[in-house]
Amino acid sequence: MIVFNLKCTEGHAFEEWFASSADYEEKAAAHSLACPECGDTHVEKGLSAPRINGGAATPAPAVGPCGMPCGSTGGLCGMAR
């Protein structure tokens, strides 16, 4: 699936999901896409930022008994109260 930012001739911006770029082209040519705000079926692709898959998310650091991230108090967690 791919998401495109679309814009109608009235300037309303909206998003739609498509199976592929070809799916978008086919639906746009057939005027089967409609602006949810005004119903205009003459839409075009707007600017879209590429989605960058950065892999697995970095886990958040563990929180020590002092309430601060582990290692942030330089080993003085017991004294940070």
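The values are calculated or read from the model by the stated rules, or taken from the named source; none is laboratory data. Predicted model only: the values in this text are computed from it and were never measured. Cβ coordinates were reconstructed from backbone atoms using ideal geometry, including for glycine residues, and neighbour counts include every protein chain displayed.
At a glance:
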| quantity | calculated |
| --- | --- |
| Test result for Pro36, assigned to a loop (DSSP other than H, G, I, E, B) and at pLDDT 95 or above | yes |
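Residue-by-condition table, conditions (1) part of a helix (DSSP H, G or I); (2) of a type in the set (S, T, N, Q); (3) touching a Leu at 6+ places or on another chain (Cβ under 8 Å); (4) modelled with pLDDT of 70 or more:
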residue	(1), (2), (3), (4)
Gly11	no, no, no, yes
Asp23	yes, no, no, yes
Ala28	yes, no, no, yes
His31	no, no, no, yes
Glu44	no, no, yes, yes
Ile52	no, no, no, no
Thr58	no, yes, no, no
Cys66	no, no, no, yes
Thr73	no, yes, no, no
